[in-house]
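See structure below.
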Amino acid sequence: MTGPPAMPERRVALVDLLDRVLAGGVVVAGDVTLSIADVDLVQISLRTLISSVRAVATAPGDDHE
């Protein structure tokens, strides 16, 4: 039994990748928990949106014009 054919390798320049990410935006999320002896002392939730100003300004439903 064989699986689907492998996708051909495609190289993308870092500048092109960064342009695509900023054009569409990306959300980065993470959680950090500090604990001692299995007792949670501090829990921090981090969420950030990385996008270009142009992508945010032209978003649908934007009434800033």
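The values are calculated or read from the model by the stated rules, or taken from the named source; none is laboratory data. No experiment lies behind these values; they were computed from the predicted model shown. Note that each Cβ is placed from the backbone with ideal geometry, even for glycine, and that neighbours are counted across all protein chains shown.
Observations on the model:
- In region 46-65, the qualifying residues are those that are in a helix (DSSP H, G or I) and either among the charged types (D, E, K, R) or in contact with a helix residue (DSSP H, G or I) (Cβ under 8 Å, 6 or more places away or on another chain) (or both), and the one that is modelled with the highest pLDDT is Arg54.
- Of the residues in region 36-45, at least one is at pLDDT 80 or above and touching a Gly at 6+ places or on another chain (Cβ under 9 Å).
- Residue list for region 20-42, restricted to those being surrounded by fewer than 10 Cβ atoms within 10 Å (Cβ to Cβ) and closer than 30 Å to Ala57 by Cβ: Val27, Val28, Ala29, Gly30
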